[in-house]
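Taken together, the values in this text are just the output of simple stated rules run on the coordinates, not laboratory data. All of these numbers come straight from a predicted model, not from anything done at the bench. When we count neighbours, we look across all protein chains shown, and the Cβ atoms used for this are built from the backbone with ideal geometry, even at glycine.
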Amino acid sequence: MRHALLLTVLLLLVSCAPKEPAPPAPPEPPEVQGPRFVRVDNVGPVVRSLMPHRQGLASFEGLRPALERSLAYVKARPAGNAAAHSAGLLLTWSQLRATLEDLLAALPELDADPGLLEERFVWFRLDPGTLLTGYYEPLIRASKTRSAEYFYPLYGVPDDMKTLELGRFHPRWKGQRLLYRMEDGKAVPYFDREAIDGEGALAGQGLEIAWLADPVDAFFLHIQGSGRLVYPDGSMEHVLYAGKNGHQYRSLGRILIDDGRVPKDEMSMKRIRRFLAEHPEERDAYLYQNPSYVFFRLHDEGPYGSIGRTLTPFVSMAVDPKTIPLGALLALDTGLPDGDGTEPFTGVMLAQDTGGAIKGTRCDLFCGFGHKAKYLAGHLQHDASVYLLVSRRVLRQ
């Protein structure tokens, strides 16, 4: 009885003892920020609206040269490394390679059966939607020598501009570079646009590769990244991007809108040129507000994209490689400016270039060379749907 009574007392004491508080519930995972890829299972309407002829192609087979250029780039990447690693999608370079190879194999059949693009590939839509702009290869009057008419220089890459790979110091900075110069034994930012064009920071160093007649032509060449120079004797030469000074790009169009000088609904490359022509006393001050500066090289072929291969009009797109991997197979569904309205445009595309202003989901369509290309690049600002295509074979689906 004594033992039973003692056991009862102990049980009562234990039941009355204060209980340890329950551990807090684990926090909810943070909501993913930024762009993501969303799988889309019914893409039949987009596939049926593909129009190779609007891309300047006689058939889907016309994609072959551009596809082979992307494939050469992707083959050179580490096969097992991540090419795309965003919310909703993880792809290796080997998976992108297989995707391009599978499309190359399907090209002979696509004209008769474009539905194979839905049957053999999984489509992932870039979300949120894309702002699509355009760029082109401008034709610019130039001279090999300076004169009263050809007064504004294009520069090659300066010898005193140094590069520091920040990823060597910390993994979080992988892929980031710092461009600088040395002054009095200290590292300082490289010269900006005002110092180079306004103060002659690079004059007299033999860096001039050509001279232009119009400083606004030079400014827009910096934005386009490449072009064709036509010399007084009628000969032409490609001028290609070779590097930049490391300063942040600032959009002159956005500056003019924010300053109330040009209405947003009127903004275009042509409208910027008109403003600068009408306000010559303010021209340089406005140009200098974009401190980013591009250096060039001359070549017999071009233009070249960031994959190191020539670009294809209405097939090549500039992307943010942090969002869309270079070399990737894409589809674009949008509208292109056509007079006072827009005309539907849907095509199979390739991510083959980058741009200083191309960040996040924004994409830039390469429009080619000539008057039509100039018009489209100057007026194209349209909402678009961009899809990344992946072979079902590599996804085992």
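For this structure, a couple of remarks:
- Figure legend: label point modelled 7 angstrom from the Cα of Arg141 along Cα→Cβ; residues of region 198-230 with amide N under 15 Å from it are 211-218, 229-230.
- Cα centroid separation, region 148-192 to region 240-318 (Å): 20 Å
- Against the compact-protein benchmark of 2.2 N^0.38 Å, the Cα-based radius of gyration of region 158-206 scales to 1.38.
- The count of lysine pairs in the chain with alpha-carbon distances below 16 Å, taking only pairs 8 or more places apart or on different chains, stands at 6.
- Counted residue by residue at 0.36 nm each, then reduced by the alpha carbon distance between them, the extension gain from Asn81 to Arg250 reaches 57.5 nm.
- Separation of region 321-397 and region 80-138, taken as the distance between their Cα centroids, equals 12 angstrom.
- Peptide packing: for 258-264, 379-385, the average count of neighbouring Cβ atoms within 10 Å per residue gives the ranking 379-385, 258-264, highest mean first.
- Percentage relative contact order, region 158-206, counting C-alpha pairs under 8 Å, at least six apart: 26 percent
- Assuming charge only on the beta carbon of Lys and Arg (+1) and of Asp and Glu (-1), the dipole of region 237-389 about its Cα centre is about 340 debye to the nearest 20.
- Sorting 107-119, 277-289 by average packing, meaning the other beta carbons within 10 Å per residue, from highest down gives 107-119, 277-289.
- Structure-derived mean projected area of the Cα convex hull in nm² - corresponding label in [x] 19.8; [y] 32.5; [z] 22.4: [y]
- Estimated dipole of the chain in Debye, rounded to 20 [Cβ of Lys and Arg +1, of Asp and Glu -1, Cα centre]: 1420 debye
- R0 of 41 Å, Cβ-Cβ distance Arg392-Glu149: FRET efficiency to nearest 0.05: 0.10
- Ordering of 339-345, 322-328 by packing is 322-328, 339-345, highest average first (other Cβ atoms within 10 Å, averaged per residue).
- Extending 7 Å from the Cα toward the beta-carbon at both Gln289 and Asp159 defines two label points whose distance is 3.7 nm.
- Both numbers refer to the Cα atoms of region 91-200; Rg and Dmax are 23.9, 68 Å.
- Efficiency of FRET from Cβ geometry, Asp127 and Lys186, R₀ 45 Å, rounded to 0.05: 0.50
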